[in-house]
1. I'd like the FRET efficiency for Asp169 and Ala40, computed as 1/(1 + (r/R0)^6) with the beta carbon distance as r and R0 of 25 Å, rounded to 0.05.
2. Quick check: the angle from helix 175-186's long axis to the longest principal axis of the chain, C-alpha only, nearest 10 degrees?
3. What is the Cα centroid distance between segment 150-168 and segment 14-52, reported in whole angstrom?
4. For a test of the definition: using alpha carbon positions, the gyration tensor, and the 1.5 limit on a/c, classify segment 111-159 as rounded, prolate or oblate.
5. Send over a whole-number figure in Å² for the accessible area per residue of segment 24-69, probe 1.4 Å.
6. Using modelled amide H (1.01 Å from N, peptide plane; none on Pro or chain starts), what sits under 5 Å from the amide H of Ile70, excluding residues fewer than 5 places away?
7. For segment 17-170, what does the equivalent ellipsoid look like in terms of its semi-axes, each the square root of 5 times an eigenvalue of the Cα gyration tensor, given largest first in whole Å?
8. If Lys and Arg each add +1 and Asp and Glu each add -1, what is the summed charge of the other residues whose beta carbon sits under 11 Å from the beta carbon of Phe34?
Amino acid sequence: DVVRSRHFLLLGPQEFVASIPPAERTLLDLAYIFQSDLAAQPLTNDGVRICVYYQETFDFGGGLAGGKLIRIGSRAIGLPVAGMLHYHELGHCIFGRGWLHDGFTEGLADFAAGLALDLLGDTANAQRFITEARDQFVRFYLGRDVRYFDIQPYRPSAGFLFSFLPPGDAPFDWAPYRRVFHRMREAQFGAWPEQEHQLMRYFGYLLATE
């Protein structure tokens, strides 16, 4: 069966997709708006929605995503649509275009999920997630003197991205990130780092000098 929202098609077992509350579909739409606006990367301006496929034959407890397709494994069907898994996989769709970088692919998706949690008002979970990611960046990357190219995926690399948030608790001010992402998007065919491995260093420099 198929359920529609403004930016998504939700496909899967009829009983499940029919049970998705309209409020959760709206929150997923808002997560898309916040993430795509921050990254200067709209995906649905062509009128084609993003497809979330709840795949019963996919024996997996998580999801895979890219382009305009999010695949949710059979063991993850039933998790909240307005939650970490969907926000993370949506982040792969948004930040998978032009921002792919070794070591930061999963970190960018985690960053997008933390952003969505905070901007959608899930302050306690946003605070917990962002604090954990920043702690893991310090503990597992800086604390171990790991080479730049070997930064760990998921929380540690997301922690690097979150480390430029202002001091204090959620909700956070994301405006500097938006300005930097838009500035980098505009520069993609101009003053762009000559070597891809410099991308996150350049990103950090721009944020630090905001």
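1. Approximately 0.35, to the nearest 0.05.
2. Tilt of helix 175-186: around 90 degrees.
3. 25 Å
4. It is prolate, given that a/c is not under 1.5 and a/b is the larger ratio.
5. Here the residues of segment 24-69 average 47 Å² of exposed surface.
6. Cys51, Val52, Tyr53
7. In descending order, the three semi-axes are 26, 17, 16 Å.
8. Within the 11 Å Cβ shell, the charges total -2.
The values are calculated or read from the model by the stated rules, or taken from the named source; none is laboratory data. If you're wondering where the values come from, they're calculated on a predicted model, not measured in any experiment. In this analysis, Cβ positions are derived from the backbone assuming ideal geometry, glycine residues included, and neighbour counts consider all displayed protein chains. Note: accessible area is taken over every heavy atom of the protein model, side chains too, but ligands, DNA and RNA are not part of it. Shrake-Rupley method; radii C 1.70, N 1.55, O 1.52, S 1.80 Å.
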